[in-house]
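Accompanying notes for the structure given below.
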There are 2 protein chains.
Amino acid sequence: MARKAIVLLSGGMDSSTALAIAAQKGFELYALSFYYGQKNLFELKCAKRLARQFAAKKHLIIHMSMKEIGGSALTSSIPVPKKRDEAEMSMGIPVTYVPARNTIFLSFALAWAETLPSRDIFIGVNYLDSSGYPDCRPEFIASFEKMANLATRIGTEGKERIKVHAPLIEMKKNEIIRKGIQRGVDFSMTSSCYDPLPGGVACGGCDSCVLRLKGFRDAGIIDPIKYSRKYLSKLSRCKQS
Amino acid sequence: MARKAIVLLSGGMDSSTALAIAAQKGFELYALSFYYGQKNLFELKCAKRLARQFAAKKHLIIHMSMKEIGGSALTSSIPVPKKRDEAEMSMGIPVTYVPARNTIFLSFALAWAETLPSRDIFIGVNYLDSSGYPDCRPEFIASFEKMANLATRIGTEGKERIKVHAPLIEMKKNEIIRKGIQRGVDFSMTSSCYDPLPGGVACGGCDSCVLRLKGFRDAGIIDPIKYSRKYLSKLSRCKQS
C-alpha cells in the first residue's frame, strides 16, 4: 500500500512542483489548501485543478481568517509593491510576508498527518529565489520538524517520525520550472501573482510575478499564463529556444 | 508603556489563570480564542467574560474548521469517555486529544505577535494534572519557542526574541486554583467540560471535569460551576474548610 503524503498546495508553481515530486515518489496524495483571506482566490481554483490532475485521494481546503491578524499586503489594504528589482528584494522582509503563514499551514498539515495517519508532509518552499521570508529557510523547516515530533501522538507514541519534505528549498526558480515540466506539471494551471486582475490574470509587477517571469526566462521557456501588460516589458518573456 | 502579551484563552480554568498571571505581571492583554468546531461553545462565552473582566485591550476569536481533519472526540461524533480513573488516564493519549491543536493555536498567536508587535505569548498548559496530551509538555513548549524565533520577522530581524510563557506547566490543578483565586479569577466564569449539557452545565464525568473536581477537592474549595448529577458522587465536591 502506498504511503500517504500531505502536500501543501497553494496553486502556485512551487507547490505544484512539490505535488508532482510527491506523486513521482509513489505517495498517495492528500492535498491541503487554505482560504485565509488572500487577495488571489484564483490560486485556489488552480489548486483544485492540480489536485484532480495528479489524482489526489483527497483535497481539503481549510477556511480560516487571517485578516483580523493583518500585517500583510496579501490579506489587507496595504498595497502590493510593484516592479522591485533584485537589490530591493534582497533588503529585508517585504510587506507581502504573511506573518507565520507557513507555521500555520504546516501546523494544519501536522494535525491532518495525525489523523490520516501520514508521516510525510511536503511543502514547496524555496529560499534561493524567494522574497526573503523567514519561514522559507532550511533552518525553519528543520526546527518545525523537530517541534512536530514533540507535539504529536505519532512523534511520541509511534516508532516512526514526522518528516517535513521541502524538495525545492535549494532550487532556483528555473530549476523548479524544469523539474516541474519533467514531472508533468502544466504551468498554465498555476497562479503565482500576489495581486491578480479579475479572471486570475497576473499583474506582472509584484515580486512573485517578477521572480516567476525571471525563472521562465532563465529556463528558456515561455510562461503559459496570462499577464496584464501594465508592468510587462518586451523582455519579460522569452521565446522558446 | 506596558509590554503587550498575547494570551491563549479557551475560557477554561488554566487559561483564565494564565490570563490573570499575565495581568499581574503588568502586561497589556491581547486575548486570543478559537472557534474550531468544539462541542463546548459555552467556553467561548466564558472567554469573552474573562477578557472583559481582565480589561483585555483586544479579544480576537479566530474561526476555523478542524472538523474535517477529525480524529478527536472534541470535534467529531466520537463519544467523550466518562468516569475514567487516574490509572486509565495515565495510559496513553486519549480520544479527546485534538491533533496538533496547541501547535495551531500557538501558530496563530505567533502571527498576531508579529503584527502587534508582541514578544510574549502566554499559554495555560500544564502537564502534571493533564490528560497526557503531547502538546502540553515542557519539551514541546521549548521546541515551539525555538521554531517561532526562526519563523518570524521578530526572531530574524529584531534584537528581541519571542518568549512562550507557560506559567502553569509544572503546577497541579489545586495549585492552579489557589493561584487563580489569589490573582482574582472568578472560577464561576470558567468552563472546562469536554461535553457540556445545554447552558454550559458540566457533565461531571469527562476527564476534564474529573481533573477539575479533584483539583477543587484537593484545594479544599467548592467549585462554583454547575454540574449534571449523572456522574457526580457525593464525594466529588467538598465543603469549604
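Taking the label point 7 Å along Cα→Cβ, residue A:158 and its counterparts in the other copies are spaced 3.5 nm apart, in ascending order.
Karplus-based coupling profile of the stretch A:198-205, in residue order and whole Hz: x, x, x, 5, 5, 6, x, x, with θ = phi - 60° in 6.51 cos²θ - 1.76 cosθ + 1.60 and x standing for Gly or Pro.
Once backbone amide H atoms are built at 1.01 Å from N, residue B:62 has B:33, B:34, B:35 as its partners under 5 Å, excluding neighbours fewer than 5 places away on the same chain. Extension gain, residue A:24-residue A:214: 0.36 nm per intervening residue step, less the Cα-Cα distance, totals 65.8 nm.
Here the Karplus relation 6.51 cos²θ - 1.76 cosθ + 1.60, evaluated at θ = phi - 60°, turns the backbone of the stretch A:67-83 into coupling constants of 5, 4, 6, x, x, 9, 5, 7, 10, 9, 7, 4, x, 6, x, 10, 6 Hz, with x for every Gly and Pro. Shortest first, residue B:186 label-point distances to identical copies amount to 6.2 nm, with the label point at 7 Å from Cα along Cα→Cβ. For the stretch A:1-69 versus the stretch B:50-79, the spacing of their alpha-carbon centroids is 25 Å. In nanometres and ascending order, the distances from the residue A:88 label point to those of the other copies are 6.4 (point 7 Å from Cα along Cα→Cβ). Think of the axis that spins chain A onto B; the A residue whose C-beta lies nearest it, and the distance in whole Å, is A:64, 2. Distances between placed amide hydrogens fall under 5 Å for residue B:4 paired with B:28, B:119, all partners being 5 or more residues away or on another chain.
Laboratory data are not the source of any read-out in this text; all were calculated from the coordinates shown. Bear in mind the structure is a predicted one, so any value in this text is a computation, not a measurement. Neighbour counts are summed over all protein chains in view; Cβ atoms, including those assigned to glycine, are modelled from backbone coordinates with ideal geometry.
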